[in-house]
Amino acid sequence: MKAVTRAWLSRGRLALLLPLALLPLACDSSAGSGSDADSITLYTCVSDESVQPIIEQFEADSGAEVNLFRAPTGDLNARIAGDLRSGGLKADVVWACDPLTMQGYVDQDLVGGWTPDNATDIPKQFRTEDYVGVAVLYVVGIYRNGEPPPTSWSDLTGPDYNSVALPDPTVAASALGALGWFDQNPEYGLDFYATLQENGAEQVSTPDDVVTGVAQGVYQAGITIANSAYLAKDAGSPIGVVWPEPGAVAVYGPIALANDSADSTVAQDFITYVVSESGQQVLGEAGSYPTLPGVEGPEVPADAPVVYPDWPTITEDKDALLADYQKIFGG
């Protein structure tokens, strides 16, 4: 794969990116953002399949109520922007799908400043002083049965593939994280996306849309997330899943306490539960990849290659990166 050569692609890097037994909640615990004392509001982009089992178990264990707003990252950002125009963030807890998005909320003084004591059980690469990663999305390749498996990312730009689908990084957090990793890698850069587009690749909305398009034969191959791909494959979709060299891109989803809810015991307990071994087990059983070592999640092939974006570098110029990407795929 050639390195980036176009002048408009040369620029600086990315601006904005224990088992636990829950104790009964105190009757006088306070909650911010207008929530009742025994309830919280959660904003997230995490799939219903993953977040609902967590909410149900927490509510059963604690007696508290979790009010949920769930949407793709782009719509989640729009909801938060609307909150701010109407007086302030209405969530007590925000569970994002990538650290770029979460860091943006930190930079706006909306979340952060607290993580639970058990956050130290999570590897350092998945946490900061303001938030802690509780699940990982792996960006992988898929292909329709009968097509050649792409063993490396660069294969997708070759002559075997003239119809590749990829998700929109302004909608899907995993796509944004992958965009950042490809941009950082001198063997790929944004030329990877330019060549895909020249070969006939198309941008769709979400990773699930990629899976659907490949399964239906609209596209030969695509870039999506492992959760979605394996779920479809196990349900009988005619697709194969690959972890291309040099690796599937790991994008972790962090959870954080809203600043206006810093005194909410319920909100703190919810985050503590999601980070705990019992919460991580629920996530793994629901089809997510937990960040807590030793907790099983969905399928990972033996010796599957994985790469990790340099999030501090990516966060330097997020808006510029997206602007340059959209010169390729529009938007």
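From (1) under 19 Å from A178 (Cα atoms); (2) crowded, with 22+ Cβ neighbours inside 10 Å, pick out the condition that doesn't hold for T195.
Going through the list (1) under 19 Å from A178 (Cα atoms); (2) crowded, with 22+ Cβ neighbours inside 10 Å, T195 breaks only (2).
Tell me which of these P254 doesn't satisfy, since it passes every other one: (1) surrounded by fewer than 20 Cβ atoms within 10 Å (Cβ to Cβ); (2) within 19 Å of the chain's Cα centre (by Cα).
(1)
Taking strands (runs of 3 or more DSSP E) that fall entirely within the stretch 216-331, which contain at least 1 residues that are under 23 Å from T115 (Cβ atoms)?
On the way: elements: 221-225, 239-242, 248-257.
Strands (runs of 3 or more DSSP E) meeting the threshold: 248-257.
Name the residue that is nearest to the chain's Cα centre (by Cα), counting only residues in the stretch 39-56 that are modelled with pLDDT of 95 or more, closer than 21 Å to Q281 by Cα and surrounded by fewer than 17 Cβ atoms within 10 Å (Cβ to Cβ).
Q52
From the set of residues in the stretch 140-163 that are in a helix (DSSP H, G or I) and within 24 Å of the chain's Cα centre (by Cα), which is surrounded by the fewest Cβ atoms within 10 Å (Cβ to Cβ)?
Ranking the candidates gives S154 first.
Quick one: how many residues across the stretch 171-190 are of a type outside the set (A, V, I, L, M, F, W, C) and buried (at least 20 other Cβ atoms within 10 Å of the Cβ)? If you could, list the steps in order and put the result at the bottom.
The first filter runs over the stretch 171-190 and keeps only residues of a type outside the set (A, V, I, L, M, F, W, C), leaving 174, 177, 180, 183-189.
With buried (at least 20 other Cβ atoms within 10 Å of the Cβ) added as a condition, the list becomes 174, 177, 180, 183, 188-189.
The number of residues fulfilling the criteria is 6.
Look through A172, A165, A178, A194 and report the one residue that is touching an Asp or Glu at 6+ places or on another chain (Cβ under 7 Å) and of a type in the set (A, V, I, L, M).
Working: A172 fails: touching an Asp or Glu at 6+ places or on another chain (Cβ under 7 Å); A178 fails: touching an Asp or Glu at 6+ places or on another chain (Cβ under 7 Å); A194 fails: touching an Asp or Glu at 6+ places or on another chain (Cβ under 7 Å).
Of A172, A165, A178, A194, the one residue that is touching an Asp or Glu at 6+ places or on another chain (Cβ under 7 Å) and of a type in the set (A, V, I, L, M) is A165.
Which one is modelled with the highest pLDDT, of the residues in the stretch 204-215 that are outside any helix (DSSP H, G or I) and touching a strand residue (DSSP E or B) at 6+ places or on another chain (Cβ under 6 Å)?
The first filter runs over the stretch 204-215 and keeps only residues outside any helix (DSSP H, G or I), leaving 204-206.
From what's left, touching a strand residue (DSSP E or B) at 6+ places or on another chain (Cβ under 6 Å): 204, 206.
Numbers: V204: 97, T206: 93.
Restricting to residues being outside any helix (DSSP H, G or I) and touching a strand residue (DSSP E or B) at 6+ places or on another chain (Cβ under 6 Å), the top hit is V204.
List every residue pair whose Cβ atoms lie under 8 Å apart, where the two residues are 6 or more positions apart in sequence or sit on different chains, the first residue falls within the stretch 67-93 and is farther than 15 Å from C45 by Cβ, and the second residue, located anywhere, is at pLDDT below 95 and not hydroxyl-bearing (S, T, Y).
K90/G34; D92/A31; D92/G32
For the condition in contact with a Phe, Trp or Tyr (Cβ under 7 Å, 6 or more places away or on another chain) and farther than 23 Å from T41 by Cβ, what is the one hit in P186, P244, P238? Don't jump to the end; show me each part of the working.
Numbers: P186 fails: in contact with a Phe, Trp or Tyr (Cβ under 7 Å, 6 or more places away or on another chain); P238 fails: in contact with a Phe, Trp or Tyr (Cβ under 7 Å, 6 or more places away or on another chain).
Step by step, each of P186, P244, P238 is checked, and only P244 is in contact with a Phe, Trp or Tyr (Cβ under 7 Å, 6 or more places away or on another chain) and farther than 23 Å from T41 by Cβ.
Of the residues that sit in the stretch 164-195 and are of a type in the set (S, T, N, Q) and assigned to a helix (DSSP H, G or I), which one is nearest to V136 (Cα to Cα)? I'd like the intermediate steps shown before the answer.
Here is the first cut: in the stretch 164-195, the residues of a type in the set (S, T, N, Q) are 170, 174, 184-185, 195.
Now drop any that are not assigned to a helix (DSSP H, G or I), which leaves 174, 184, 195.
Numbers: S174: 9, Q184: 20, T195: 28 Å.
Ranking the candidates gives S174 first.
Are there any pairs, at least 6 apart or on different chains, whose C-beta atoms fall under 6 Å, with the first in the stretch 107-119 and in the same structural domain as Q280 (by TED's automatic domain parsing) and the second assigned to a strand (DSSP E or B) and not polar (S, T, N, Q), and if so, which?
Short answer, once both residue conditions are applied: V111/V94; V111/A256; V111/A258; G112/A256; W114/L257; T115/V132; A119/R127; A119/V132.
Based on this model, can you work out whether R144 counts as closer than 28 Å to E316 by Cα and basic (K, R)?
Details: closer than 28 Å to E316 by Cα: no; basic (K, R): yes.
Judged against the criteria, R144 is not a match.
Return the total of residues in the stretch 81-104 being modelled with pLDDT of 95 or more and either in contact with a helix residue (DSSP H, G or I) (Cβ under 7 Å, 6 or more places away or on another chain) or of a type in the set (D, E, K, R) (or both).
Residues flagged as modelled with pLDDT of 95 or more and either in contact with a helix residue (DSSP H, G or I) (Cβ under 7 Å, 6 or more places away or on another chain) or of a type in the set (D, E, K, R) (or both) within the stretch 81-104 amount to 9.
Pull out all pairs, ordered by first then second residue, where Cβ-Cβ is under 7 Å, the residues are six or more apart or on different chains, the first lies in the stretch 39-65 and is assigned by TED's automatic domain parsing to the domain that holds V274, and the second is in a strand (DSSP E or B) and modelled with pLDDT under 95.
Correct list of pairs: empty, since none qualify.
Count, please, the residues in the stretch 81-105 that happen to be of a type in the set (A, V, I, L, M, F, W, C) and surrounded by fewer than 23 Cβ atoms within 10 Å (Cβ to Cβ).
Of the residues in the stretch 81-105, the ones of a type in the set (A, V, I, L, M, F, W, C) are 81, 84, 89, 91, 93-97, 100, 102.
Still in the running and surrounded by fewer than 23 Cβ atoms within 10 Å (Cβ to Cβ): 81, 84.
Selection size over the stretch 81-105: 2.
The values are calculated or read from the model by the stated rules, or taken from the named source; none is laboratory data. Note that the structure is predicted; figures quoted are calculated from it, not measured. Quick reminder, even Gly has a Cβ in these numbers, built from the backbone with ideal geometry, and neighbours come from all protein chains shown.
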